[in-house]
1. Every residue in segment 65-99 that is of a type in the set (D, E, K, R), more than 19 Å from Ala16 (Cβ to Cβ) and part of a helix (DSSP H, G or I), please.
2. For segment 55-64, what are the residues that are under 14 Å from Ile7 (Cα atoms) and part of a helix (DSSP H, G or I)?
3. Please state which of the following conditions Thr4 fails to meet, knowing it meets all the rest: (1) farther than 27 Å from Val93 by Cβ; (2) at pLDDT below 95; (3) part of a helix (DSSP H, G or I).
4. State which residue is surrounded by the most Cβ atoms within 10 Å (Cβ to Cβ) when the search covers only segment 53-69 and only residues that are farther than 18 Å from Gly101 by Cα and modelled with pLDDT under 95.
Amino acid sequence: MSITKSIILFILAGLAEIGGGYLVWLWLREGKSVFIGILGGLVLVLYGIIPTLQPAHFDFGRVYAAYGGVFIFMSILWGWKIDKVDPDRYDIVGGIICLIGVFIIMYWPRNS
């Protein structure tokens, strides 16, 4: 159960970080309302909280190292679905390598 919870939290953190950043981007780069920027900032604060909800046996460094791989993969998906930028084969291969790294870092059985 903790692996499922961990994966869900990674996805929620990714959505909050990328979504919040996107809202700030829209405000600063595309001239949207300051309220969009404030909402983005609030969502980014939520992103800062979500990783702390990872199961207690996962330490800070490991969580954030693995989250980097999730962030990369989700950013590729965001670009594809939201920005309508098709990933090329290198994006796809790189994203898969990142996800493999996530699973090794977070979920590979350890003896210690």
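1. Arg89, Asp91 - these are the residues of segment 65-99 that are of a type in the set (D, E, K, R), more than 19 Å from Ala16 (Cβ to Cβ) and part of a helix (DSSP H, G or I).
2. Result: Arg62, Val63, Tyr64.
3. It fails just one condition, (1).
4. Pro55
Yes/no per residue for (1) farther than 24 Å from Arg110 by Cα; (2) of a type in the set (D, E, K, R); (3) in contact (Cβ under 8 Å) with a residue 12 or more places away in the chain:
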{"site": "Glu30", "(1), (2), (3)": "yes, yes, no"}
{"site": "Ser33", "(1), (2), (3)": "yes, no, no"}
{"site": "Gly41", "(1), (2), (3)": "yes, no, yes"}
{"site": "Leu46", "(1), (2), (3)": "yes, no, yes"}
{"site": "Leu53", "(1), (2), (3)": "no, no, yes"}
{"site": "Asp59", "(1), (2), (3)": "no, yes, no"}
{"site": "Arg62", "(1), (2), (3)": "no, yes, yes"}
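The values are calculated or read from the model by the stated rules, or taken from the named source; none is laboratory data. Remember, it's a predicted structure, so these values are computed and weren't measured experimentally. Neighbour counts run over all protein chains shown; Cβ positions are idealised from the backbone, glycine included.
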